[in-house]
Amino acid sequence: MSSSKNILNPIIDSLYDVCKTSLKAFYNLMNIETYFDIINFFKQVEFKNKKSMYPKLIKIYESPKGYTYLLSCPFGLSINDFIKVKDALEIQLKNKITIKERKGYIEIEVITKKISNKIEYKVPKRNYNLGYIEIPIAESLDGTVYLNLKENPNTLISGTTGSGKSVCSKSILTSLVNMYSPSELELYLIDFKIVELAMFRNLKHTKAYVNNVDDAKELIADLMIECDKRYKEFFKYDVANIYDYNKIPGINKMNFKILFIEEFIGMLEDKRKVGMTILKKFASLCRACGMYLFCSMQRADHTVIDLVLRANLNNRIIFRVEDEANSKLVLDSTGAEKLNGNGHALIKMNGKIVESQAYFIKDSQVKEYIKKYVVNKSYKDIKQANVKYLNNTKPADKVLNLNKDSKQQEYILDDLSFLDNI
């Protein structure tokens, strides 16, 4: 018996070497620098079922993002078991991987393709068949990443200095201005940084531009009042949202309104938290009436933005952050702390996180793309001509019922209970 084994061993070893050589040739053909024996990995980490059965390699094939291992799944193991060794496998492969179940087999895709570290901005073309706002904001290995405000109305943009946050904000506003006319879309800008959004303040689209917390809270209250009026119109015509309302024959169509807050931490200067209280209400109600919120900030921790508001910021465009804790706070996952900066982002929509590269645009390009919409109006003109909160009625007092001595008080928030029935 032992002599038989001695005769077979060289044959088995030869077959193994042939297979190994074939795999190396396959890797070389696909420009994969390092051959990796994934079955040996599973053996080394004792990844097996109760009967000591290991996964078997069925085949390796090319995939859109790199290459994929197709493996058997031993009885008693599940995809969740494979996911548990994902981090260890990525270290050995020196690449990110995705793990999926496919008809009883396991696919492990090794992502060898890389996203470009700089993607120049181009003015996007609008799809006029859509009745809602959708703009491209970045590129991923899966293609263009779009911001769909009908599906997810409110957006958080966060990242440290130099991460690409401000450039992303400018590219978004530039796209909105060029894709939608002033009659279709209005901008309301709160710029606590003063210089970031200043180039957009004189546009036909811009109905308000403020940079201090007192004006900011009155502007937010003013938009809350408009939100209330729109819902009352929906109730009157027995519709649930702006999209159905605008389909009513002969109706004056409602336009879209976007509130963009740059360096959100400035809201904390309002010690009474009046603006923040109204803003949380606005964020929870604005979706159906075509009014959308963008919040941009360097660090979105619990001292800056609470759980209620964060829950309503459905889109998360996250650039490099300081640490794992901040990444978990804004993404519910680590990873943003490892980003490269300069527009490299993790974008979370509908619970899915996609690695992307945001578009790069220079300030000179922004000015060139928006110049046809610039009108000659000063900061004072914008405030006096377009913002209702500059009169003596104080919308914030109306909304929060602070001015109890006024006989003409409007109880805006108290008057929204009918929304629960829509």
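Bear in mind that the values in this text are calculations on the coordinates, not laboratory data. Everything numeric here is computed off the predicted structure, so don't read it as measured data. No Cβ is skipped: glycine too gets one built from the backbone with ideal geometry, and neighbour counts run over all protein chains shown.
Here is the list for the range 56-106: trypsin sites (Lys or Arg not before Pro) lying in DSSP coil, each with at most 14 other C-beta atoms within 10 angstrom of its C-beta, are Lys56, Lys94, Lys103. For the pairs Lys114/Lys338; Lys59/Lys352; Lys96/Lys165; Lys125/Lys372; Lys207/Lys273; Lys118/Lys193, flag any whose C-alpha to C-alpha distance is greater than 19 Å. Cα-Cα > 19 Å for Lys59/Lys352; Lys96/Lys165; Lys207/Lys273; Lys118/Lys193; rest within.
Contact order, relative form, for the range 212-276: 45 percent (alpha carbon pairs under 8 Å, 6 or more residues apart, mean separation divided by residue count). Label sites at Val354 and Thr303, each approximated as a point 7 angstrom past Cα along Cα to Cβ, lie 3.5 nm apart.
Scaling against 2.2 N^0.38 Å puts the C-alpha radius of gyration of the range 84-143 at 1.69.
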